[in-house]
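Peer 1: Following this message is one structure expressed as structure tokens.
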Amino acid sequence: MSEDEKVAIIRAYLTKVLGVSEQDTDAFSKGDGGASHTVGMNQSHIVCEDTRPFWEEVLRICPDGYTEEDIQVLTQTPDVYAILALLNRMEPVFMETTDLGRRLNANAHAYKRREHES
């Protein structure tokens, strides 16, 4: 998978799963602190009723990666575990190949820690 495809999938995760605006997604990708906070707050409590838009975007980005039948299976239950597994396989913690992947993983760690501290 190319770095451009990884970035596109992470952006789809930010907008379609976490509900982050395109503007905040752009700012987060540039390291903006306010956008990092917005993303982190959404990362600390993921609520996604419909994962189909994310998987449809993944299918558009990587048409050879999944089939429509795969998407149907992945969206039968509206949870994000399969999405998080994909992100982890794509950009493992401490082994990321994209700046956006590094930011996303570092942010998730920072906001998970804050959730436990409060």
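Peer 1: Select from the range 56-83 the residues that are among the hydrophobic types (A, V, I, L, M, F, W, C) and not in a loop (DSSP other than H, G, I, E, B) and write down the one among them that is surrounded by the most Cβ atoms within 10 Å (Cβ to Cβ).
Peer 2: Filtering first and then ranking leaves VAL58.
Peer 1: Turning to a different aspect of this structure: For residues in the range 8-44 being surrounded by fewer than 18 Cβ atoms within 10 Å (Cβ to Cβ) and of a type in the set (S, T, N, Q), which is nearest to the chain's Cα centre (by Cα)?
Peer 2: Residue satisfying both the conditions and the ranking: THR15.
Peer 1: Shifting gears a bit: Kindly indicate whether any position in the range 56-66 is in contact (Cβ under 8 Å) with a residue 60 or more places away in the chain, in contact with an Asp or Glu (Cβ under 7 Å, 6 or more places away or on another chain), over 19 Å from GLY19 (Cβ atoms) and not β-branched (Val, Ile, Thr).
Peer 2: yes
Peer 1: Right, here's the next one. Can you tell me which condition LEU100 does not meet? The list is (1) in contact (Cβ under 8 Å) with a residue 60 or more places away in the chain; (2) part of a loop (DSSP other than H, G, I, E, B); (3) buried (at least 16 other Cβ atoms within 10 Å of the Cβ), and all the others hold.
Peer 2: Of everything listed in (1) in contact (Cβ under 8 Å) with a residue 60 or more places away in the chain; (2) part of a loop (DSSP other than H, G, I, E, B); (3) buried (at least 16 other Cβ atoms within 10 Å of the Cβ), LEU100 misses just condition (2).
Peer 1: Does PRO92 count as without any contact (Cβ under 8 Å) to a residue 24 or more places away in the chain and either assigned to a helix (DSSP H, G or I) or at negative phi (or both)?
Peer 2: Spelling it out, PRO92 is indeed without any contact (Cβ under 8 Å) to a residue 24 or more places away in the chain and either assigned to a helix (DSSP H, G or I) or at negative phi (or both).
Peer 1: Go through the range 72-85 and give me each residue that's in contact (Cβ under 8 Å) with a residue 12 or more places away in the chain and either more than 15 Å from GLU49 (Cα to Cα) or of a type in the set (Asp, Glu) (or both).
Peer 2: ASP79
Peer 1: Please give the number of the condition TYR13 fails out of (1) more than 18 Å from HIS109 (Cβ to Cβ); (2) at pLDDT 95 or above.
Peer 2: Single failed check for TYR13: (1).
The values are calculated or read from the model by the stated rules, or taken from the named source; none is laboratory data. In this text, all values refer to a predicted model and were calculated from it rather than measured experimentally. Virtual Cβ from ideal backbone geometry, glycine too; neighbours counted across all protein chains shown.
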